[in-house]
Amino acid sequence: MRAVVKLAVAVFAVIGLTAAGQQAPQRMYQSYTDQEKADLDRVSATLNTIRTLRSQFVQIGPDGGTDQGVLYIEKPGRIRFEYRPPSPVLIVASGGAIYVKNARLNTVDKYDLSDTPLGLLLNDRVDLAHNKAVLGVQERDGAIIVQARTSANRNNSNITLIFSAPGLELRQWTVKDNQGGITTVALQSPRIGAALDEALFTPPTRAIRQSGK
């Protein structure tokens, strides 16, 4: 189960920069340049237009292994990572909690949403220029790259979000874990404004198995 939890943490740790209820880290420098602030404001405005989103994704773990699946977002506060077989993992955030289901082990673990950095995509209002978790922004190779950290205990960024330019679509994110391992999640054909079934965000439950089977 430890490996599954590590996988889940790698996924939802990179989605946001700070979580509701989590102490905001102090910024490492004084201010942004006019261009940097303009870039952050543009990215924030784009994220604030998202109410729902559906996207295929490919995840590459620190060991080079890959997983694929579908990501669903409905703001505020709802997200679903639906992994394709053979992965047994399903992750759903709803009602202020995150549920991690392992169908192979028939387990469901529950975490407080406030203990995870999901605010970037799930909050109603995003303002990166005034988010103290953000450590830097730059334009490079036709993309805007936002670097941030997940806690006040970090002096360097451990999250990198890549937005295409000029369209400013979120295309990819990477997260560095405490052991230095890198997990990358790349979105494929994201659809903003997709109609989503309410049932997608129903908290998962353990399967009921008859005794002796």
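The values are calculated or read from the model by the stated rules, or taken from the named source; none is laboratory data. Everything numeric here is computed off the predicted structure, so don't read it as measured data. Cβ coordinates were reconstructed from backbone atoms using ideal geometry, including for glycine residues, and neighbour counts include every protein chain displayed.
Quick notes on this structure:
- Members of the range 115-127 found to be surrounded by 14 or more Cβ atoms within 10 Å (Cβ to Cβ) and either modelled with pLDDT of 70 or more or not in a loop (DSSP other than H, G, I, E, B) (or both), listed by number: Gly119, Leu120, Leu121, Leu122, Asn123, Val126, Asp127
- So Ile50, is it touching a strand residue (DSSP E or B) at 6+ places or on another chain (Cβ under 8 Å), part of a strand (DSSP E or B) and surrounded by 14 or more Cβ atoms within 10 Å (Cβ to Cβ): no
- The lone exception for Val137 - which of (1) among the aliphatic types (A, V, I, L, M); (2) modelled with pLDDT of 90 or more; (3) surrounded by fewer than 17 Cβ atoms within 10 Å (Cβ to Cβ) it fails: (3)
- Residue among Ile98, Ile79 that is buried (at least 20 other Cβ atoms within 10 Å of the Cβ), in contact with a Phe, Trp or Tyr (Cβ under 9 Å, 6 or more places away or on another chain), in contact (Cβ under 8 Å) with a residue 40 or more places away in the chain and farther than 16 Å from Leu170 by Cα: Ile98
- Tally, over the range 53-89, of residues that are of a type in the set (Asp, Glu), part of a strand (DSSP E or B) and under 30 Å from Gly180 (Cβ atoms): 2
- Residue that is surrounded by the fewest Cβ atoms within 10 Å (Cβ to Cβ), among those in the range 157-209 that are outside any loop (DSSP other than H, G, I, E, B) and among the hydroxyl-bearing types (Ser, Thr, Tyr): Ser189
- Single condition Lys110 does not satisfy, out of (1) in contact with a Pro (Cβ under 9 Å, 6 or more places away or on another chain); (2) part of a loop (DSSP other than H, G, I, E, B); (3) at pLDDT 90 or above: (2)
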